Amino acid sequence: MSWICCQLGAREHYAIPRALHSSEALAKFVTDFWYPPGSVSSRILPSSLKQNPRGRYHRGLANADVTSLNRSALTFEIISRIRGQSGWTQIMARNKWFQRKVAGYLARNVEKLKAENLIVFSYSYAAQEIFRFAKSKGWKTVLGQIDPGPVEEKIVAEEVAREQELGAMWQPASAVYWDFWREECELADRIVVNSEWSRTCLAKAGANGSKLFVIPLAYESPVTDTPITRTYPRTFTRERPLRVLFLGQVNLRKGVARLLKAIRLLENEPIEFQLVGPVQISIPDNLRKNPRVRWFGTISRNDVDTFYRNADVLIFPTLSDGFGLTQLEAQAWSLPIIASQFCGDVVRNGVNGIVLDELSSNAVATAIRSCLNEPARLRAMASHAIANQRFSLTAVGKKLLGLFN
């Protein structure tokens, strides 16, 4: 079987097309922006519209058959900004643009594509029109589900109701958004999720359980010949505080409200909190101006490793499916993790991190305080990063190829 992989954005560092390519099963990769090193496109792109060109390429696909929509994608982004689009309006417009362009490309090139045993992969919320075309040609379809769907939105809505001040920026998706998603699920022959939790949530939302398959994210450890070691002081002080890193989307779904309350509970302790990622909450003034709480906002993909290297512990108190690259990356950098029970696939309590018994500010504060008071415990957890071979590209590729066996 040959695969066509359609991907909007650089999700998971292009793990799915890379896994398929390494298994010699990728016939075509279609994406929005693609900037090989030294390409003309990466040099002429206006700085105000740059999508981190260095992050829109992966050397693992250097010799793959890649088709990008650079010019059309840039045009879309320019028009979107002129129109002042943002939030769900922009997200849905971008998803629709991508589907239309990819479906059009497939239609124009159908004779050039290997039509027998062809499988089309696309991520959720940007697959509807692509799958409609694929099914019209009798091709197989695989939906890569990026989140737990409507069930997760309900969890977030309940948190917003509890944290109205922080959640003032949050808006639920429209009914149309979920209608489109349900059609994607119907058109998909297989639906791939990253965890058992996501599979349960999708089944609750009405997805056909027989189509749901759990395939972990693919991740490769940082390329380095030098063993990653961490140094912790005997005692943390104001001059050398405990550095707690939160990395990802700063929103209620990721448990940020619980973290911010924990920060207040730990206000007199020698701790520095680093929040890295797009801020999607209304930051309280007292925390915005607090020198112990550093807000870095969105950073480039190339700067992420610096934060992993310099932190002492990663905090990830997510309210729903927290299985993601953040934990795998932290583990690869031998960084201990404090996380919710949703992260149990990666965080092994007392071995490479701490699993929270409950999702409360007190529990978060207690876990952080234990790291502060027991540097030796941090050193032990840092030395026990677990190498999970099931996250390798080879392992993921085999699972993908086995979907129709």
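Bear in mind these aren't lab numbers, they're just calculated from the coordinates by the rules spelled out. Please read these numbers as outputs of a predicted model, since none were measured by experiment. Here the Cβ positions follow ideal geometry from the backbone for every residue, glycine too, while neighbour counts run over all protein chains shown.
Laid out as a table, the results:
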{"read-out": "Matching label, Rg and Dmax of the Cα atoms in Å computed from the structure shown, candidates [x] 20.7, 63; [y] 22.7, 98; [z] 21.7, 68", "value": "[z]"}
{"read-out": "Förster radius 45 Å - calculated FRET efficiency between SER39 and GLU165, Cβ distance, rounded to 0.05", "value": "0.50"}
{"read-out": "Full-stretch length increase - ARG264, SER80 - with 0.36 nm per residue and alpha-carbon distance subtracted", "value": "62.3 nm"}
{"read-out": "Contour minus Cα-Cα distance for ASN109 and HIS384 (0.36 nm per residue)", "value": "94.0 nm"}
{"read-out": "Cβ-derived FRET efficiency at R0 51 Å, SER370 paired with ARG182, nearest 0.05", "value": "0.70"}
{"read-out": "Size of charge dipole - the chain - debye, nearest 20, with Cβ of Lys, Arg +1 and Asp, Glu -1, no other charges", "value": "840"}
{"read-out": "Cα-Cα over 28 Å, subset of LYS28/LYS204; LYS154/LYS261; LYS96/LYS398", "value": "LYS28/LYS204; LYS96/LYS398"}
{"read-out": "Label-point separation in nm, THR306 to ARG292, each point 7 Å along Cα→Cβ", "value": "2.5"}
{"read-out": "Net charge dipole size for the stretch 242-382 [Lys, Arg +1 and Asp, Glu -1 on Cβ; Debye, nearest 20]", "value": "260"}
{"read-out": "Estimated dipole of the stretch 90-207 in Debye, rounded to 20 [Cβ of Lys and Arg +1, of Asp and Glu -1, Cα centre]", "value": "780"}
{"read-out": "Listed residue (TRP97, GLY87, LEU118) projecting farthest to the positive dipole end of the stretch 82-121, Cβ model", "value": "GLY87"}
{"read-out": "Length added when fully stretched, GLN90-GLU358, from 0.36 nm per residue minus Cα-Cα", "value": "92.9 nm"}
{"read-out": "Signed unit charges on C-beta, dipole axis of the chain, positive-most listed residue LEU74, GLN274, VAL355", "value": "LEU74"}
{"read-out": "Charge sum, other residues only, whose C-beta stays under 9 Å from LEU393's C-beta, Lys/Arg counted +1 and Asp/Glu -1", "value": "0"}
{"read-out": "Fluctuation leader among ILE315, ILE79, ILE228 - the chain, Gaussian network, Cα springs under 10 angstrom", "value": "ILE79"}
{"read-out": "Set of aspartates and glutamates with alpha-carbon distance to LYS137 below 15 Å, sequence-local pairs under 8 removed", "value": "GLU111, GLU116, GLU129, ASP189"}
{"read-out": "GLU272 long-range amide H proximity, modeled H, under 5 Å", "value": "LEU242, ARG243, VAL244"}
